[in-house]
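Here is the structure we will look at, set down as structure tokens.
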Amino acid sequence: MVNQALLRLDFELTRARRSGALAAKIIHGYGSSGVGGVLRDAVQQALRGLQSQGKIRAFVAGEDFRISNETAWRMQKLCPELKRDRDLGRENKGISVVLL
């Protein structure tokens, strides 16, 4: 399941970039155990790798997606639509936000 999710992540990020999107919200869920799931961890690890490879500009985990987070603030300056995102400031551990 994780491998399929990572393939889908790559496909959707490529599709978003080709469509001209500046950012994408990844909904990966938090896991049913209450301590975070395997899928969430794998997606965020993949995003860290993509960022270090220069394939995405930045990403922020949902729990850090708030105005006071430096990365989230820079992302909002570059993509103002993120300021209106309903998850901004809600500490949603089931998402990650990506700047393409």
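So here's what we get for this one:
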{"item": "For LEU100, residues with placed amide H under 5 Å, excluding near neighbours", "result": "ALA23, ALA24, ARG57"}
{"item": "Per-residue [θ]222 nm for the chain (sum of -39500 (n - 2.57) over DSSP H runs n ≥ 4, rounded to 500)", "result": "-13000 deg cm²/dmol"}
{"item": "LYS83 accessible area, assembled protein chains, probe 1.4 Å, Å²", "result": "110"}
{"item": "Exposure ranking of MET75, MET1 by accessible area [1.4 Å probe, largest first]", "result": "MET1, MET75"}
{"item": "Cα gyration tensor of the chain - equivalent ellipsoid semi-axes, whole Å, descending", "result": "20, 18, 11"}
{"item": "Residue-count net charge about GLY94 - beta-carbon cut-off 11 Å; Lys, Arg +1, Asp, Glu -1", "result": "+1"}
{"item": "Calculated over the stretch 45-100: convex hull of Cα atoms, volume per residue (Å³)", "result": "68"}
{"item": "For the chain: accessible area per residue (Å², 1.4 Å)", "result": "63"}
{"item": "Point-charge dipole on Cβ atoms (K/R +1, D/E -1) for the chain, about Cα centre, debye to 20", "result": "320"}
{"item": "Cross-link reach list, aspartates and glutamates versus LYS55, counting only Cα pairs under 18 Å and skipping chain neighbours closer than eight places", "result": "ASP10, GLU12"}
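The values are calculated or read from the model by the stated rules, or taken from the named source; none is laboratory data. If you're wondering where the values come from, they're calculated on a predicted model, not measured in any experiment. Positions of Cβ are generated from backbone atoms using ideal geometry, with glycine treated the same way; all protein chains shown enter the neighbour counts. For the accessible areas, the whole protein counts, side chains as well, though only heavy atoms, and no ligand, DNA or RNA atoms are used. Shrake-Rupley method; radii C 1.70, N 1.55, O 1.52, S 1.80 Å.
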